[in-house]
Amino acid sequence: MSEHSLQIRILKGIAEQDMAREIFDEVWPSNDGTQITANLLQALVHNGTYVAGAFLEDEIIAAAFAFPGLDEQRHLHLHSHMAAVRAPYRNQNIGSALKLHQKQWALEHGYDTITWTFDPLVRRNARINLLKLGVDVFDYFPDFYGDLADGINAGDPTDRVMAHWILTSEPRSAMITGDIPVALANENGRPVQYGATGTSVLCYLPEDIVELRATDSALGLDWRLALRNQLQPRLDNGWHIRGYTEDGAYVVTKTEKVK
């Protein structure tokens, strides 16, 4: 697939918005019905919500949905709630292309920041968010969405971290090198916690948490609780995730929040 063959555009009207809903329901299938109803999505779009689709010729292969939000300082930002790519087209930079389209739309509509939640155990999300986009992560939310019945999250606590993407800042490299103590290791596929000290620590991730949850839910839960134990207390006390290593670890650093 060439970059020139991919087209990303805003979806207008209920018929086009339904194409996005179908993408969301395909990626997060649920016995509870659709992820977002047509009438609610139409009302949101009519009042300034972002809904875009990525197309190869006439086929929609990805979609994204974002709405306005206010942070604790009453700063207006765009919150990206859903971004989904159909399975055959993943790992082809389509998610990144959607984010860059969203960035351009946000700047044109007066936003300087985009936020979104992501599962901190998913390596591909960590790589895209920290390395390609250069976000910062300041907040950890245990079981943020409660029980979800979709095919990806069912049976697992929905812990999330919040990405902060400052659109007007110069991109920075989040790839970290150097001798940093390990707080959470991946040893033969299992999480092992250490009493690391210092102002920066490494927290390693499992190779593929989505596959692990499907094949060994108990081990998947071990990873969830181990990462929560290492990240939540630190992020609650002025640390943030500011980097990612080539071999799959967060670099968690003690600094003041800068938003």
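The values are calculated or read from the model by the stated rules, or taken from the named source; none is laboratory data. Keep in mind that what you see is a predicted model, and the values were worked out from it rather than measured. Please note: Cβ atoms are built from the backbone with ideal geometry, for glycine as well, and neighbour counts cover all protein chains shown.
Here are a few things to note about the model shown:
- Subset of the range 233-255 that is among the hydrophobic types (A, V, I, L, M, F, W, C) and in contact with a Cys (Cβ under 7 Å, 6 or more places away or on another chain) - its residue that is nearest to Arg190 (Cα to Cα): Ala249
- The range 92-144, residues that are part of a loop (DSSP other than H, G, I, E, B), of a type in the set (A, V, I, L, M) and out of contact with any His (no Cβ under 9 Å at 6 or more places or on another chain): Leu121, Val122, Leu133
- The criterion of being in a strand (DSSP E or B) and of a type in the set (D, E, K, R) holds for Arg9.
- Filter result (surrounded by 15 or more Cβ atoms within 10 Å (Cβ to Cβ) and either under 20 Å from Asp236 (Cβ atoms) or modelled with pLDDT of 90 or more (or both)) within the range 142-172: Phe144, Pro157, Thr158, Asp159, Arg160, Val161, Met162, Ala163, His164, Trp165, Ile166, Leu167
- In the range 90-104, the count of residues that are surrounded by fewer than 20 Cβ atoms within 10 Å (Cβ to Cβ) and among the hydroxyl-bearing types (Ser, Thr, Tyr) is one or more.
- Taking residues in the range 189-218 that are closer than 20 Å to Val27 by Cα and of a type in the set (Gly, Ala, Ser), and partners anywhere that are surrounded by fewer than 13 Cβ atoms within 10 Å (Cβ to Cβ) and modelled with pLDDT of 95 or more, not one pair has Cβ atoms closer than 8 Å while being at least 6 places apart or on different chains.
- If you go through the range 32-60 and keep only what is without any contact (Cβ under 8 Å) to a residue 40 or more places away in the chain and assigned to a strand (DSSP E or B), you end up with just Glu59.
- Residue match in the range 120-133 (condition: within 18 Å of the chain's Cα centre (by Cα), of a type outside the set (Val, Ile, Thr), under 18 Å from Ala218 (Cα atoms) and at pLDDT 95 or above): yes
- Residues considered: Glu187, Glu211. Of these, the only one that is within 19 Å of the chain's Cα centre (by Cα) and over 20 Å from Val137 (Cβ atoms) is Glu211.
- Among the residues here, Ala15 does not qualify as in contact with a strand residue (DSSP E or B) (Cβ under 6 Å, 6 or more places away or on another chain) and either part of a helix (DSSP H, G or I) or within 26 Å of Thr168 (Cα to Cα) (or both).
- Residue list for the range 84-123, filter: in contact (Cβ under 8 Å) with a residue 40 or more places away in the chain, among the polar types (S, T, N, Q) and within 23 Å of Leu70 (Cα to Cα): Gln102, Thr113, Thr115, Thr117
Here's the yes/no breakdown for (1) in a helix (DSSP H, G or I); (2) over 20 Å from the mean Cα position of the chain (by Cα); (3) farther than 24 Å from Asp179 by Cα; (4) not acidic (Asp, Glu):
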position: Ala196; (1), (2), (3), (4): no, yes, no, yes
position: Glu207; (1), (2), (3), (4): no, no, no, no
position: Ala218; (1), (2), (3), (4): yes, yes, yes, yes
position: Asp222; (1), (2), (3), (4): yes, yes, yes, no
position: Gln232; (1), (2), (3), (4): yes, no, no, yes
position: Asn237; (1), (2), (3), (4): no, yes, no, yes
position: Arg242; (1), (2), (3), (4): no, no, no, yes
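- The one condition from (1) part of a strand (DSSP E or B); (2) modelled with pLDDT of 95 or more; (3) surrounded by fewer than 20 Cβ atoms within 10 Å (Cβ to Cβ); (4) of a type outside the set (Ser, Thr, Tyr) that Met82 does not meet is (2).
- Within the range 197-216, tally of residues that are surrounded by 14 or more Cβ atoms within 10 Å (Cβ to Cβ) and more than 16 Å from Pro233 (Cα to Cα): 8
- In the range 63-116, residue farthest from Phe138 (Cα to Cα) [restricted to those that are more than 15 Å from the chain's Cα centre (by Cα) and among the small types (Gly, Ala, Ser)]: Ala87
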